[in-house]
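The values are calculated or read from the model by the stated rules, or taken from the named source; none is laboratory data. Quick caveat: nothing in here was measured; it's all calculated off a predicted structure. Cβ sites come from the backbone with ideal geometry, for glycine too, and all protein chains shown count toward neighbours.
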Amino acid sequence: MTPAVVKLKPGHVQPVWAGHPWVYAQAIDRVEGNPTSGDEVRVMDPRGNFLGRGFYSPESAIPVRILTHESDGELDGAFFKGRLERAAARRAELGLPNDQTTGFRLVHAEGDELPGLIVDRFGDAAVMQVLTVGMKRREEMILDAIVSLGVKTVLDRTPPNTAKAEKFETRATPLAYGPEVRELVVKERGLSYRLPIELGQKTGFYFDQRDLRARVEGLARGKRVLDAYSYVGAFAMAAARGGASSVLAVDDSAPALEAAQRNVKDNGLEGVIELRKQDARKTLQENVAAFDLVVLDPPRLAPSRRAAEGALVAYAKLAEAGVRATKPGGILVLCSCSAAIDLHALTRSLAIGAMRAGMQAFVFDRCFQGADHPVSAAFGEGLYLKAVLARVEAR
């Protein structure tokens, strides 16, 4: 059957022509045919020139995410297997996996030409997130492709709110394929982690911060360190291995801290790291000028562009508290995982926070998501993670 056609309005063609994979609802002039949710559609410009093919999500603000700019060929099991193999080859070029690092992002949605799909590799296991109804309808093909790479167990961590928006059901349990597991076991830069599958943040671990954790490790020697929003203690353990004199790791999730406690013990770092269940903002308020190195990696504060303005206010308040907790001459690391907050906006929030605290901040480095989270040059929104590293000084 010939796929339906989605025709774009004049003035909305160039981004898609240049490779941007998203077709927004306001860019669509008309739909020719009667596609149902998840069907393959062809995207064309007003003159009828072919632009790409993708899956149709009529309820979404992004009704089409383009998978290919080829006009021919089936979007079938062989297609997905080829895309997964290409993604794995890109990671192999980065040296992943290796003896020291067995966990990484295998498929980064648009960055691997598979919009609507995220797959993280945890040794012999994988965790996926299926983010569009089109991908959900082809889930068995996707699972076959993942398993063909030597994966023994696949867990599904699709966010329920995403499934609700895309009008499909999530699994009753995370297990999608293979034998049941109780925890994910992985190594990163030689540090080992045991992660209970009950921990539901993203896919269970934040592989995107690998580079920043290495940077923090290199800065930590002899310093008193605060790892706020510590989750399972990854920044804390990096700082401790880097020679920190002490590390306070704070999170308000008891299960995350229990996992962190096991990880700290497994890596022989108990004598350096203190784990505390507490709201990070309260910790910052109670420890004025107490730390030489403060890492602030909060949850996403701007889930959409509409939330960006309020998020910038929150980042400025967080930066102010972070600056107050940092000794003069110390280092503050401020992160944002919100695509709607760019590097300039994050840096400005830091400047405002420092001014309110009566201090000033000098940015000496910046970090972004790791190379296993690639970004298409045509899709700037894919660069979602950014961090500024700044020295805090008196005015």
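Of everything in segment 325-375, what is assigned to a helix (DSSP H, G or I), out of contact with any strand residue (DSSP E or B) (no Cβ under 9 Å at 6 or more places or on another chain) and farther than 22 Å from LYS282 by Cα? Give them in sequence order.
Scanning segment 325-375 gives HIS344, ARG348.
Based on this model, can you work out whether ALA314 counts as modelled with pLDDT of 95 or more, of a type in the set (Gly, Ala, Ser) and in the same structural domain as ALA228 (by TED's automatic domain parsing)?
Values: modelled with pLDDT of 95 or more: no; of a type in the set (Gly, Ala, Ser): yes; in the same structural domain as ALA228 (by TED's automatic domain parsing): yes.
Taking the combined requirement at face value, the residue does not satisfy it.
Of the conditions (1) at pLDDT 95 or above; (2) over 26 Å from GLN278 (Cβ atoms), TYR229 clears all except one; give me its number.
TYR229 satisfies every listed condition except (2).
Please verify whether segment 2-11 includes one or more residues that are within 27 Å of GLY380 (Cβ to Cβ), in a strand (DSSP E or B) and in contact with a Gly (Cβ under 7 Å, 6 or more places away or on another chain). Can you show your working first?
Filtering segment 2-11 for residues within 27 Å of GLY380 (Cβ to Cβ) gives 6-11.
Then drop every residue that is not in a strand (DSSP E or B), which leaves 6-8.
Next, only the ones that are in contact with a Gly (Cβ under 7 Å, 6 or more places away or on another chain) stay: none.
Checked segment 2-11: no residue is within 27 Å of GLY380 (Cβ to Cβ), in a strand (DSSP E or B) and in contact with a Gly (Cβ under 7 Å, 6 or more places away or on another chain).
Within segment 383-392, does at least one residue satisfy the condition of being surrounded by fewer than 17 Cβ atoms within 10 Å (Cβ to Cβ), in a strand (DSSP E or B) and over 25 Å from the mean Cα position of the chain (by Cα)?
yes
Conditions (1) in the same structural domain as ALA176 (by TED's automatic domain parsing); (2) without any contact (Cβ under 8 Å) to a residue 12 or more places away in the chain; (3) out of contact with any Ser or Thr (no Cβ under 8 Å at 6 or more places or on another chain); (4) assigned to a helix (DSSP H, G or I), marked per residue:
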{"site": "ARG83", "(1), (2), (3), (4)": "yes, no, yes, yes"}
{"site": "ALA88", "(1), (2), (3), (4)": "yes, no, yes, yes"}
{"site": "THR101", "(1), (2), (3), (4)": "yes, no, yes, no"}
{"site": "ARG105", "(1), (2), (3), (4)": "yes, no, yes, no"}
{"site": "GLU110", "(1), (2), (3), (4)": "yes, no, no, yes"}
{"site": "PRO115", "(1), (2), (3), (4)": "yes, no, no, no"}
{"site": "ASP144", "(1), (2), (3), (4)": "yes, no, yes, yes"}
{"site": "VAL151", "(1), (2), (3), (4)": "yes, no, yes, no"}
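I need the full set of residues from segment 153-173 which are closer than 22 Å to ARG105 by Cα and touching a residue at least 40 places away in the same chain (Cβ under 8 Å), in order please.
Answer for segment 153-173, where residues must be closer than 22 Å to ARG105 by Cα and touching a residue at least 40 places away in the same chain (Cβ under 8 Å): LEU155, ARG157.
Consider segment 352-381. How many of its residues are within 23 Å of LEU106 (Cβ to Cβ), touching a Pro at 6+ places or on another chain (Cβ under 8 Å) and either buried (at least 18 other Cβ atoms within 10 Å of the Cβ) or not hydrophobic (A, V, I, L, M, F, W, C) (or both)?
Going through segment 352-381 one residue at a time, the tally reaches 2.
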